[in-house]
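Okay, structure first, notes after.
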Amino acid sequence: TRNFVRLYSIETGRSPAKAIETIRLEAARRLLEDSNLAVKSVAAKTGFGNEERLRRAMQRHMQIAPGDYRNRFGSTRLNP
């Protein structure tokens, strides 16, 4: 495990944990844009576990809360 983390970090410039978080954020972003799922459900479906973890990750990487992101970038064709 330690060797994998070391090699992955050397090759990609980031840890496997950071890569997974980035992938989860992308999935959450898509769900927030294209679905009416509650933020709690989006967090669960994308592996964050709860709304607070999703909110903290989005604030850290995108400087925006999940609800604000949906209001700004969500599809207008969805019903509220």
Looking at region 32-54, which of its residues are buried (at least 19 other Cβ atoms within 10 Å of the Cβ) and not in a loop (DSSP other than H, G, I, E, B)? L32, V39, V42, A43, L54
Name the single residue that is surrounded by the fewest Cβ atoms within 10 Å (Cβ to Cβ) among those in region 64-73 being within 16 Å of E26 (Cβ to Cβ) and not hydroxyl-bearing (S, T, Y). F73
Which pairs do you get when a residue that is in contact (Cβ under 8 Å) with a residue 12 or more places away in the chain and outside any loop (DSSP other than H, G, I, E, B), found in region 59-75, comes within reach of a residue that is among the small types (G, A, S) and open to solvent by less than 70 Å² (accessible area, probe 1.4 Å), reach meaning Cβ atoms under 9 angstrom, with the pair 6+ apart or on two chains? P66/A28; P66/A43; Y69/A28
Would you point out the residue of region 6-26, among those that are open to solvent by 40 Å² or more (accessible area, probe 1.4 Å) and among the aliphatic types (A, V, I, L, M), that is nearest to N71 (Cα to Cα)? I23
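The values are calculated or read from the model by the stated rules, or taken from the named source; none is laboratory data. Just so it is clear, the model here is predicted, and its values are computed rather than measured. We place every Cβ from the backbone using ideal geometry, glycine too, and count neighbours over all the protein chains shown. Surface accessibility is based on the protein's heavy atoms, side chains included, excluding ligands, DNA and RNA. Shrake-Rupley method; radii C 1.70, N 1.55, O 1.52, S 1.80 Å.
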